[in-house]
Each structure stands twice: as C-alpha cells, then as structure tokens.
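Heads up, the thing below is written out as structure tokens.
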Amino acid sequence: MRLSAVILAAGQGTRMKSSLPKVLHPILGKHMACYVLEAVQQVTQSTPVMVIGHGADQVRQALGDQAEFVLQQPQVGTGHAVMQAEPLLVGKADIVLVIYADMPLLTAQTVGSLVELAQSHSGPVSMLTVTTNETRGFGRILRDPRGKVSGIVEEAQATAEQLNIHELNPGVYCFRAAWLWQALKHIPLSPKGEYYLTDLIGMAVAEGADVQSMSVDDPNEVIGINTRVHLAQAEALMRQRINRDWMLQGVSMIDPNSVYIEPGVTLGQDTILWPGTYLHGNTQIGESCIIGPNTIIEDSIIGNSCTLLASVLEGALLEDHVEMGPFCHLRKGAHLCKGVHMGNFGEVKNSTLGTGSKMGHFSYLGDATVGADANIGAGTITCNFDGTHKFPTEIGEGAFIGSDTMLVAPVKVGAGAKTGAGAVVITDIPPHSLAVGVPARVIKELKK
C-alpha cells in the first residue's frame, strides 16, 4: 500500500511566549520538528507534507527540503489543516499518516507499528492511545461496552465522569485515504468556529466502521510541547534516551545526568565522559578517550586515546594520543597531530601542530604551521594580525621556542632553531640557529 504522511505544524504556540514558531524551538541542537520529520521519513520512505501557518516563512527556511509545505490560512482547526494536504496527496496514497510536529519523542518504531496496524485491517481509522495520569489537555478515549473505540471527547467538553478517563488521545492517526478526503468535507463546525480532526472518529463509528487503536508503551513518547516547561521535559528525556544508547554501546559516563550529547555525535567504545561534558553538532570521538570534566566540543573530530580536560573545541581535528588542558581553546581550523601535548590556557586557531610537538601554557598560535617534535614555550604568541590582514608563521621540526617569544608574522623559524626567552622575532631564523633579543638576532649556529 502507498503510504504518505501529513505533519501538522500551523499552530501559533502562544503558550511558548516566543516570536519563534513553536516547531522550531531546539531540542539538543535540532528543531523539534526535525525529530518528527526523521521518524516519519524512516517509516514512509517518502517526503511528508507539512501544514504550516504561523511563521510559515521561518519554518520553510529552517526545514528546507525535508518536507513539502502547504499553507493553512486561516487556521480554523486540525480537520481544516489536513484538508490543505489533499491536493498534494490525492491519488498518490492509500494510507495517510497524520501526526503533530510538536511530538519529538515519538519513535519510528511506534509510528511503524501503527502503520502495520492500519495495513492489517480494512477499517478507515487506526490511532494511537496512551494511558497516563498526566493528561496534558488531551482528549479522552470513549469506548463502547465491547471495548471498541466509540469516540473522543475533548477535555474542555468532557463531563466530570469523562475527565476521570485516563486513556487519552495524543492525536496520531492512520486513515484510509479515499475515506479521509471525503469525510473531511463533512466535519461539523464546532462552537469555536473550527473543524476538529477528532470528529472523524465518531463519524467512522456512526457509519458502522471499525476504528482500531494501539496503546503506546511509553507515555513519554507522546508528550506534546505547548510550554517551555514541556520543552525542558522533552529535552531531558531525549538526553536520557541518547545517553542510555551510548552507554549500551560501550561508552562510560561518570554522571549521565550531567552529560549533554546531541544526535549528530558519534563515540567510540571505552571512551569515558566526565560530568559537564557537552558534545555538539557533527562531533566524532574515537575509542578510549577521556573527555572532561567541563569540556565543550563542537563540530570536531577526535582520534583514539585522547585526553581532554576542561577545554573548548570548535571545528578542530585531533589525531590519536593527544593530551590537552585544562582550560585550552581550539578554534576553527586547529589540527593537533598524533601525540601532541598542549598545556593549560593555550589557544590554537587555524594552525597545525606536528606529530609529537608540545605547546606550553598561556600560548597562542594563529595561522601557524608547527613541525614535528617542536617545543612551544610558555607565553609564546604568534602576532598574526596587523589590523587588516592575517599572516602565517612557520616553525620547523624540532624547533625550540623559548618562553614569552613573540613571533611577528609573516615569519619562519627553521628546523632545529631556538629562540631565547622574551625574543621578538621579526625576521626569519635559519635552521639550527639561536636567536635572542628584541628584535631577535642570530647569535650562533647550533649543532645538528
């Protein structure tokens, strides 16, 4: 059977109290709608239709080609919202999955099980239900004496007896497409002037049709986000889910509740994450690393057996067996080759430190290339910016840069060369030479 999906994302989300459309609020660095899009695409293997309204241009721009977009204007209820998708889907689908964009915890496995249920019977409607004491404003599931679904009553219209029902409607459905497009035209207008999708359940029952339901095992999957309190709850649950998965794959966490891992991150076995570790974006970390405590890594690649203590990395590349910290900062373009050691309060930007090189504390390297086994003494600074342009510094293999050396770029220090403490280097230093002073001058040649 051909399967398509409609994702409802037109609501204003007034309770979020934000100028940002609700479905674009981030959870672990991703728009909440992206989680729903990914789950749906895994099941349907097709591009879903997303019904947008409030902040439509922002939503289109943020989500790009992940969905086909259709505008609901005016926004007069969920039934009316699904109607807007008909021109894009009529004749192209046998079953239509309808889901809300503000349910980021719903898994592809649960959505897939609902689709399988819909494909297994000939009735027009299959739906998820959830049994929980936390009602969150969801409608109540009504059942007949045989236990069959007979309707849904919204919380605002429910009687005192109905409010005691704890089987709830999270609003995730599969409809037979031919039935859906016809039934939508007959939804009655509510007293509030809106067309409610939930009315389709009662309409199907009135026709004598079979409405099938499937209970969600984990009530957390169907948490809908309406406030920033809900947003924080969903993020905490998503973090728990991600952290648990990584621990089951061989990653240790000293305190999982204080580790933040975004969905795009990958980790190798036997890596240890200490408290206060934040892993963002497309970060890749190898095996047997020790990360943290209090380390932030964004869009960086870390090799095997690296130790990073209380440091910040942004767009950096570390090869195997690198040690750094505490309080180091690697900025975009930093590349630390195998076996590099970087002391505390060091900063590297757009620079490469060669294999086995060492960089002392309180040093800054910008736009520099450092050869293998070089030693960068404490307080070394590359003066790479003249206020208008940036210039490179080259330090050869085995060079020894004395403490508090200022390297005024563009400048080259040859292989095996040395500078004295406090030297200000404004001209190139030949290989295997010793330069001292302000400005630095070569005072002798060194043995090779």
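Summary table
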{"item": "Unique match (being surrounded by 15 or more Cβ atoms within 10 Å (Cβ to Cβ) and more than 22 Å from Leu231 (Cα to Cα)) among Ile27, Ile99, Ile95", "result": "Ile95"}
{"item": "Of all residues making up region 163-174, the number that are crowded, with 23+ Cβ neighbours inside 10 Å and assigned to a loop (DSSP other than H, G, I, E, B)", "result": "2"}
{"item": "Total residues in region 50-89, condition more than 17 Å from Gln12 (Cβ to Cβ) and either outside the structural domain of Ala177 (by TED's automatic domain parsing) or in a helix (DSSP H, G or I) (or both)", "result": "12"}
{"item": "Which numbered condition Glu207 fails, given (1) within 30 Å of Arg140 (Cα to Cα); (2) in contact with a strand residue (DSSP E or B) (Cβ under 8 Å, 6 or more places away or on another chain)", "result": "(2)"}
{"item": "Scan of region 39-67 for residues that are out of contact with any strand residue (DSSP E or B) (no Cβ under 8 Å at 6 or more places or on another chain) and among the charged types (D, E, K, R), ordered by number", "result": "Asp57, Asp65"}
{"item": "Meets criteria (closer than 30 Å to Ala108 by Cβ and either at pLDDT 95 or above or among the basic types (Lys, Arg) (or both)) for Arg146", "result": "no"}
{"item": "Residue among Lys349, Lys358 that alone is basic (Lys, Arg) and in contact with a Leu (Cβ under 9 Å, 6 or more places away or on another chain)", "result": "Lys349"}
{"item": "Residues that are within 17 Å of Leu105 (Cβ to Cβ) and either in contact with a Leu (Cβ under 6 Å, 6 or more places away or on another chain) or not hydrophobic (A, V, I, L, M, F, W, C) (or both), drawn from region 40-69", "result": "Gln41, Gln42"}
{"item": "Helices (runs of 4 or more DSSP H) enclosed by region 175-261 - at least 1 residues per element that are under 25 Å from the mean Cα position of the chain (by Cα) and not assigned by TED's automatic domain parsing to the domain that holds Ile285", "result": "228-248"}
{"item": "Single unsatisfied condition, Val149 versus (1) of a type outside the set (Gly, Ala, Ser); (2) buried (at least 16 other Cβ atoms within 10 Å of the Cβ); (3) over 25 Å from Asp218 (Cβ atoms)", "result": "(3)"}
{"item": "Given (1) exposed (fewer than 13 other Cβ atoms within 10 Å of the Cβ); (2) without any contact (Cβ under 8 Å) to a residue 24 or more places away in the chain, index of the condition Ser215 fails", "result": "(2)"}
{"item": "The one condition in (1) closer than 30 Å to Val36 by Cα; (2) without any contact (Cβ under 8 Å) to a residue 60 or more places away in the chain that Leu330 fails to fulfil", "result": "(1)"}
{"item": "Checking Lys358 against (1) without any contact (Cβ under 8 Å) to a residue 24 or more places away in the chain; (2) in contact with a Cys (Cβ under 7 Å, 6 or more places away or on another chain), the condition it does not meet", "result": "(2)"}
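Listed here are the residues, each with its yes/no results for (1) in contact (Cβ under 8 Å) with a residue 12 or more places away in the chain; (2) under 14 Å from the mean Cα position of the chain (by Cα); (3) part of a loop (DSSP other than H, G, I, E, B); (4) closer than 30 Å to Gln12 by Cα.
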{"residue": "Pro263", "(1), (2), (3), (4)": "yes, yes, yes, yes"}
{"residue": "Asp270", "(1), (2), (3), (4)": "yes, no, yes, no"}
{"residue": "Leu279", "(1), (2), (3), (4)": "yes, yes, no, no"}
{"residue": "Asn282", "(1), (2), (3), (4)": "yes, yes, yes, no"}
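The values are calculated or read from the model by the stated rules, or taken from the named source; none is laboratory data. Small disclaimer: the values here were computed from a predicted structure and weren't measured. Here the Cβ is made from the backbone with ideal geometry for all residues, glycine too, and neighbour counts use every protein chain on show.
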